[in-house]
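Written below as structure tokens is the structure these notes are about.
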Amino acid sequence: MKEDMSSTNLWVLAGLGLAGFLILSRRQRKQVKQGHGAFVQYFELLPPPPPAPPKAPHPLTGLTFAVKDIFNVEGLVTGFGNPDWARTHEVANQTAPAVLVLVQGGATCIGKTHMDELAYSINGENKHYGTPTNPAAPTRIPGGSSSGSAVAVAAELVNFALGTDTGGSVRVPAAFCGILGFRPSHGIVPTVGVIPMAQSFDTVGWFARDPSVLHKVGHVLLQLPPCEPRQPRRVLIAGDCFQLSTTPQERTMGVVIRSIEKLLGRQVLNHINLGQYIASRVPSLKAFIEKEEMEKKDMGVLALTGISRALRLIQRFEFKTNHEEWLNEVKPDLGSGISERVKSALETTVEQVPLALKVKDETRSALNELLKNDAVLVLPTTPGPPPKLNTKESLLTEYRDKAFSLLGIAGMSGCCQVSIPLGKLDNLPLAVSLIAKHGADRFLLDVVSALYDSLQEQSNNVTTARSLKANGKSDAAELAKEKGNAAFKEKDFQKAASLYSEAIRLDESNATYYSNRAAAYLGLCSFPQAEADCSKAIALDKKNVKAFLRRGTAREFLGYYKDAAEDFNQALILEPTNKSAMEAVKRLKKLLYE
């Protein structure tokens with residue numbers, strides 16, 4: 001059986017509703033705002049009774065899951081992330097087959113999860129229902145549009161969850177929440193009973209914390225019979241894509257390379273400039289690249305940008321086709337970022353859509369050729385860590401634009417992609433993605449199972465090594481500072497400044513080291529250097545009284561009396577009884593006003 005073939009008979013059974021096997025409870029068991037704000041509504045869809053021994057239990061027996069509020073559940077209104085949508089639509093008369101087949105597989109569905117309005121965002125913030133709390137980084141956005149599903153899994157409220165991925169709505173929240181997220185090949189999992197966003201890219205994806213759960217869910221959704229797993233024959237590292245990310249390559253690309261070398265050997269590794277490959281194989285892209293850009297930027301980089309633009313054009317046009325009538329009739333209340341995108345979609349015309357569809361066809365052909373014979377492509381899932389909550393819309397738009405240069409690759413090719421967590425850096429989740437050719441979903445699931453433990457091990461090794469290095473540097477920096485303090489007491493200011501400089505070289509984030517070096521510079525009458533060091537110290541620690549006092553002193557000697565007075569006043573705010581600051585303020589008042 002080919003990997004892009006599903007079992008029609010089983011999907012038909014799921015579509016019939018599995019009469020007699022399901023129980024729907026509309027009682028909300030908890031307040032919706034509990035559970036990290038992931039859930040819109042709680043209910044139960046119970047699986048059929050397990051078969052009597054010696055038959056094997058259902059593959060998903062004992063597992064719980066949740067579904068994004070874009071899937072129909074019989075007897076409930078599908079909210080689509082917007083109260084006006086929920087208000088103007090009737091209850092569903094059938095449950096989406098993708099949900100039913102999981103219940104038939106033994107899993108219990110416990111509720112619906114929050115999402116971005118109309119699935120038109122990758123941020124996870126919703127004007128009407130709030131933002132689910134990202135368990136991996138509470139001060140950061142969870143990613144969307146399948147925000148609640150990702151959060152429910154990351155918070156261990158369910159074993160797995162369903163989302164949808166059109167432009168990145170499973171991959172992004174998976175990366176931001178530090179869990180696994182699988183976007184299947186386009187068209188492999190039926191989207192019947194799922195509100196369409198842009199059908200050329202819409203897929204039913206899923207989240208899990210455990211690779212074995214990801215694998216089991218995939219086999220049920222894809223209707224795959226048991227088969228021997230396959231290992232990749234080629235692993236292509238898209239170095240140019242990693243250059244688009246702000247995350248150090250050592251923590252992503254380096255971890256993958258070491259894992260592959262350990263498990264499969266160096267011979268399977270290949271490095272590729274993906275943008276240049278696409279530029280050479282997708283000639284229609286030129287229609288989506290400005291001539292001025294070609295003169296200033298590398299064609300490889302522009303190719304990824306062009307793919308993103310073509311995808312978003314098709315997405316806008318199909319979204320308009322699907323929802324224009326409702327949008328014009330209801331005029332829903334939308335959040336700021338969503339409203340701009342919806343407005344842009346409604347203004348989209350058909351002229352360039354055929355060209356964009358041609359880009360899509362050429363990209364699909366190019367990627368499937370590249371990834372034939374059991375190859376996987378490695379690239380970052382997103383261009384960096386999750387942005388902070390309440391980030392300005394303009395900055396989120398900039399991040400989104402960069403993200404689509406990476407996310408558009410699988411979207412435009414229809415290939416399957418999985419986002420895999422790689423621990424944390426600076427307490428923020430890291431992720432990397434693997435892409436396989438269209439229809440190779442089983443193969444990609446097998447690769448995740450084979451690589452996952454090694455990737456986590458290598459990631460932990462790097463984290464530990466960085467921590468030990470940092471701790472060693474910190475100890476050495478403190479020793480240099482103490483030696484500097486001793487030299488300063490002996491009034492050997494030159495030696496003290498040199499030792500403080502050594503401490504700063506070892507740890508550039510310590511405000512005390514800069515403030516102490518400033519004191520040494522004051523002893524040497526090097527007032528500009530002292531002022532600069534104090535400014536650095538204050539930038540690192542805005543409550544560093546000594547830094548304000550020393551900068552005030554340096555500025556007074558330099559003749560910047562007004563600025564010096566401000567520094568001494570700030571020192572008094574932080575430490576109202578500081579006599580040195582009081583005396584300085586009095587002295588400077590005389591200089592300024594007499």
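Figures for the structure shown
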item	result
Number of positions in segment 245-293 that are of a type in the set (A, V, I, L, M) and either buried (at least 20 other Cβ atoms within 10 Å of the Cβ) or part of a loop (DSSP other than H, G, I, E, B) (or both)	11
Yes/no for PRO132 being touching a His at 6+ places or on another chain (Cβ under 6 Å), surrounded by 24 or more Cβ atoms within 10 Å (Cβ to Cβ) and either within 30 Å of ARG316 (Cβ to Cβ) or modelled with pLDDT under 95 (or both)	yes
Residue among SER149, SER145 that alone is assigned to a loop (DSSP other than H, G, I, E, B), closer than 13 Å to ASP69 by Cα, open to solvent by less than 20 Å² (accessible area, probe 1.4 Å) and of a type in the set (Gly, Ala, Ser)	SER145
Residue in segment 352-364 that is open to solvent by less than 10 Å² (accessible area, probe 1.4 Å), at pLDDT 95 or above and out of contact with any helix residue (DSSP H, G or I) (no Cβ under 7 Å at 6 or more places or on another chain) present	no
Qualifying positions in segment 529-555 - more than 18 Å from LEU588 (Cα to Cα), touching a Leu at 6+ places or on another chain (Cβ under 7 Å) and open to solvent by 30 Å² or more (accessible area, probe 1.4 Å)	LYS543
Scope segment 304-326; condition open to solvent by 10 Å² or more (accessible area, probe 1.4 Å) and among the aliphatic types (A, V, I, L, M); matching residues	LEU313
Qualifying residue in segment 158-168 (condition: modelled with pLDDT of 95 or more, open to solvent by less than 10 Å² (accessible area, probe 1.4 Å), in a loop (DSSP other than H, G, I, E, B) and more than 29 Å from ARG312 (Cβ to Cβ))	yes
Filtered residue count, segment 294-303, keeping only those that are touching a residue at least 12 places away in the same chain (Cβ under 8 Å), part of a helix (DSSP H, G or I) and either surrounded by fewer than 24 Cβ atoms within 10 Å (Cβ to Cβ) or over 23 Å from the mean Cα position of the chain (by Cα) (or both)	4
Looking only at segment 87-113, and only at residues there that are closer than 30 Å to SER336 by Cα and open to solvent by less than 10 Å² (accessible area, probe 1.4 Å), the one that is nearest to the chain's Cα centre (by Cα)	THR113
Selected residue (only one of PHE176, PHE207 is buried (at least 24 other Cβ atoms within 10 Å of the Cβ), assigned to a helix (DSSP H, G or I) and touching a residue at least 60 places away in the same chain (Cβ under 8 Å))	PHE176
Positions within segment 61-79 being crowded, with 24+ Cβ neighbours inside 10 Å and either in a strand (DSSP E or B) or among the hydrophobic types (A, V, I, L, M, F, W, C) (or both), in sequence order	PHE65, ALA66, VAL67, LYS68, ILE70, PHE71, VAL73
Complete set of residues in segment 486-512 that are among the charged types (D, E, K, R), within 24 Å of LYS542 (Cα to Cα) and open to solvent by 40 Å² or more (accessible area, probe 1.4 Å)	GLU502, ARG505, GLU508
Long-range neighbours under 6 Å by Cβ, at least six apart or interchain, first residue without any contact (Cβ under 8 Å) to a residue 12 or more places away in the chain within segment 67-87, second buried (at least 22 other Cβ atoms within 10 Å of the Cβ)	ALA86/GLY79
Every residue from segment 224-244 that is assigned to a loop (DSSP other than H, G, I, E, B) and surrounded by fewer than 20 Cβ atoms within 10 Å (Cβ to Cβ)	LEU224, PRO225, PRO226, CYS227, GLU228, PRO229, ARG230, GLN231, ARG233, GLN243, LEU244
Test for PHE21: is it aromatic (Phe, Trp, Tyr) and at pLDDT below 95	yes
Criterion (in contact with a strand residue (DSSP E or B) (Cβ under 6 Å, 6 or more places away or on another chain), more than 30 Å from VAL194 (Cα to Cα) and among the aliphatic types (A, V, I, L, M)) met by exactly one of LEU269, LEU244, LEU302	LEU269
Pairs, first under 12 Å from VAL448 (Cβ atoms) in segment 216-229, second among the acidic types (Asp, Glu) and open to solvent by less than 20 Å² (accessible area, probe 1.4 Å), C-beta under 8 Å, six or more apart	GLY218/ASP441; PRO229/ASP446
Any hit, segment 403-414, residues being in a helix (DSSP H, G or I), open to solvent by 10 Å² or more (accessible area, probe 1.4 Å) and within 20 Å of ARG341 (Cα to Cα)	yes
Residues (surrounded by 14 or more Cβ atoms within 10 Å (Cβ to Cβ) and part of a helix (DSSP H, G or I)) located in segment 366-376	ALA366, LEU367, ASN368, LEU370
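The values are calculated or read from the model by the stated rules, or taken from the named source; none is laboratory data. These numbers come from a predicted model, not from an experiment. Backbone-built Cβ (ideal geometry, glycine too); neighbour counts: all protein chains shown. What goes into the accessible areas is simple: the full protein's heavy atoms, side chains included, and nothing from ligands, DNA or RNA. Shrake-Rupley method; radii C 1.70, N 1.55, O 1.52, S 1.80 Å.
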